[in-house]
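Computed from the coordinates by the stated procedures, all read-outs in this text should not be read as laboratory data. It should be emphasised that the depicted structure is a prediction, and the values quoted were computed from it without experimental measurement. Cβ placement follows ideal geometry from the backbone for every residue including glycine, while neighbour counts extend to all protein chains displayed.
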Amino acid sequence: MTEPNTTGQPGDQLSTALDTENERSSSATKFTIGLAGLAVVVLVGVVLSVVMIVHGDDEPLVSLDPTTGNATVVEDKDSLFEPDPVFGKFDRVVYVSLDPNGVILSDTLASANRPDDQAPSGVMLQRIQGNMDLPFSTSDGPTGFTDNGVATGFARTPQGAALAAAHYVAYLISGDNRAEMVAEAGHSTDPSLLLEGFRVPDASAVTASPLVNVTFHPDLTLVKLGATVERSNGATEIQLTKVPMVWREGTGWVVQLDSEALSSGFEPVSAEGWQQWW
């Protein structure tokens, strides 16, 4: 999902559990190992898309055309964001939302008739909650916020699943207070087991990984979040976290923290299926 912590590498694997509770514990432990390996970048900033914002007097607030690629047109952005954008991690352009929850770019989701590996349209990196730099799109959500301010309304598409995973995992790894927010909003299963092994200060700065790899099914999708890292042996690989996302009617995408699919590891940089969408 992000770059590894210099204090250790994911290694030992837990043996197969003999009962349901142990299976869930094994999944959470493997994921926790992966999260611990990401802490350095997690606490520094976010790797996301460079977005060009263009002011046009005759343009709508944002472009709702899902064919416009990654260009987001924002008019009157001075009333929605701080006057000047900032550089985030790796010199990425970040727009600081005046609303702590962020700015919704579209309340209409694009058609699902697109290739699974096509990037969401109109991706814009926004700084929300003071120190969370996360991707918003004009094509696949979010389209709103829950009562406690968590983004929701991501499309039932590969692109929407990836955007949702980026948002909800960011909440899960940025402190107990934020993990509780996403669970309270109904967008993750119980995070308590995960949090037992992974502790960072509340409201920590977080990252959404630059690379995504989606195996899509409309009911249960596996989103891999990753970043290229240089390992101690000198090899450059992709460190990844596998995030199972289940679709629940009336709620949308939910992170399955109690799934055996939840895990972390490494892949060669030549591995197929990886996309840089933000």
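The table for this structure:
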{"quantity": "Order of Val223, Val206 under a 10 Å beta carbon neighbour criterion, fewest first", "calculated": "Val223, Val206"}
{"quantity": "Taking Ser111, Ser106, Ser137 and counting other C-beta atoms within 10 Å, the order from fewest to most", "calculated": "Ser111, Ser106, Ser137"}
{"quantity": "Length gained when the stretch Asp107-Val93 is fully extended (0.36 nm per residue, less Cα-Cα span)", "calculated": "2.7 nm"}
